[in-house]
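*Asks:* Once you've had a glance at the structure underneath, I'll fire off some questions.
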Amino acid sequence: MAAFAATHFATPFEIEGWRAGVAAVDASAFVLLLLLSNRFDRWWLIGAAAVQLVTVMTHVVGLVEPDLFLRTNVLIRWIMGLALLCLMMVGPFESKWLFASDARS
């Protein structure tokens with residue numbers, strides 16, 4: 001959630017039209033999710049890191065190919081953001097399920 005809030009403040013930082021601030025926030029979120037997925041054995045963390053990597057790659061594509069349609073790039077980021085939120089909503093339910101299954105055994 002901190003990354004979503006930080007994106008709002010990082011939006012004005014641009015380098016010749018490329019949103020460097022938003023790209024830095026997304027890359028930081030990817031690194032954090034990657035570290036968390038390496039530390040904890042949760043499938044949804046791996047999925048969240050993968051979705052965030054796709055988001056980071058959209059920034060790279062926008063940097064390499066500046067003539068890319070901005071709307072397409074933003075739409076992909078919105079879809080990936082929605083997928084990331086859905087995966088993060090799974091976390092509390094999975095931990096509750098794991099806690100209940102440990103209590104039964």
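*Asks:* With the requirement that a residue be open to solvent by 70 Å² or more (accessible area, probe 1.4 Å) and either at pLDDT 80 or above or of a type in the set (Asp, Glu) (or both), what does region 89-105 give you? Write out each step before concluding.
*Replies:* Applying the first criterion (open to solvent by 70 Å² or more (accessible area, probe 1.4 Å)) to region 89-105 yields 89, 92-93, 96-97, 99, 102-105.
Matches in region 89-105: Met89, Asp102.
*Asks:* Then there is this: Go through (1) surrounded by fewer than 12 Cβ atoms within 10 Å (Cβ to Cβ); (2) outside any helix (DSSP H, G or I) one by one and return the number of the condition Phe13 breaks.
*Replies:* Among (1) surrounded by fewer than 12 Cβ atoms within 10 Å (Cβ to Cβ); (2) outside any helix (DSSP H, G or I), the lone unmet condition for Phe13 is (1).
*Asks:* Right, here's the next one. Could you tell me whether any residue of region 18-38 is touching an Asp or Glu at 6+ places or on another chain (Cβ under 7 Å) and either polar (S, T, N, Q) or closer than 19 Å to Leu82 by Cβ (or both)?
*Replies:* no
*Asks:* I'd like the full set of residues that are of a type in the set (A, V, I, L, M, F, W, C) and more than 21 Å from Met88 (Cβ to Cβ), limited to region 11-49. Quick ask: steps written out before the conclusion?
*Replies:* Pass one, region 11-49, residues of a type in the set (A, V, I, L, M, F, W, C): 13, 15, 18, 20, 22-25, 27, 29-36, 40, 43-46, 48-49.
Of everything in region 11-49, those that are of a type in the set (A, V, I, L, M, F, W, C) and more than 21 Å from Met88 (Cβ to Cβ) turn out to be Phe13, Ile15, Trp18, Ala20.
*Asks:* Among the residues of region 49-74 satisfying the criterion of being modelled with pLDDT of 80 or more and β-branched (Val, Ile, Thr), which is surrounded by the most Cβ atoms within 10 Å (Cβ to Cβ)?
*Replies:* Only one residue tops the list, namely Thr55.
*Asks:* Would region 35-48 turn up any residue that is over 17 Å from Ala5 (Cα atoms), open to solvent by 70 Å² or more (accessible area, probe 1.4 Å) and in contact with a helix residue (DSSP H, G or I) (Cβ under 6 Å, 6 or more places away or on another chain)? Steps first, please.
*Replies:* Looking only at region 35-48, we keep the residues that are over 17 Å from Ala5 (Cα atoms), and these are 35-48.
Still in the list and also open to solvent by 70 Å² or more (accessible area, probe 1.4 Å): 35, 38-43, 46.
Add one more test, that the residue is in contact with a helix residue (DSSP H, G or I) (Cβ under 6 Å, 6 or more places away or on another chain), and what stays is 46.
Yes - at least one qualifying residue is present in region 35-48.
*Asks:* Collect the residues in region 23-33 that are hydrophobic (A, V, I, L, M, F, W, C) and open to solvent by less than 70 Å² (accessible area, probe 1.4 Å), keeping them in residue-number order. Give the steps one after another, and end with the answer.
*Replies:* At the first step, the residues of region 23-33 found to be hydrophobic (A, V, I, L, M, F, W, C) are 23-25, 27, 29-33.
The answer is Ala23, Ala24, Val25, Ala27, Ala29, Phe30, Leu33.
*Asks:* Scan region 24-83 residue by residue and report those that are in a loop (DSSP other than H, G, I, E, B) and of a type outside the set (Asp, Glu).
*Replies:* Kept after step one, since they are in a loop (DSSP other than H, G, I, E, B), are these residues of region 24-83: 40-42, 65-69.
Residues satisfying the conditions are Phe40, Arg42, Pro66, Leu68, Phe69.
The values are calculated or read from the model by the stated rules, or taken from the named source; none is laboratory data. None of these values were measured; they are calculated from a predicted model. Cβ sites come from the backbone with ideal geometry, for glycine too, and all protein chains shown count toward neighbours. Ligands, DNA and RNA are stripped out before the accessible areas are found, and what is left, the full protein with its side chains, is counted by its heavy atoms. Shrake-Rupley method; radii C 1.70, N 1.55, O 1.52, S 1.80 Å.
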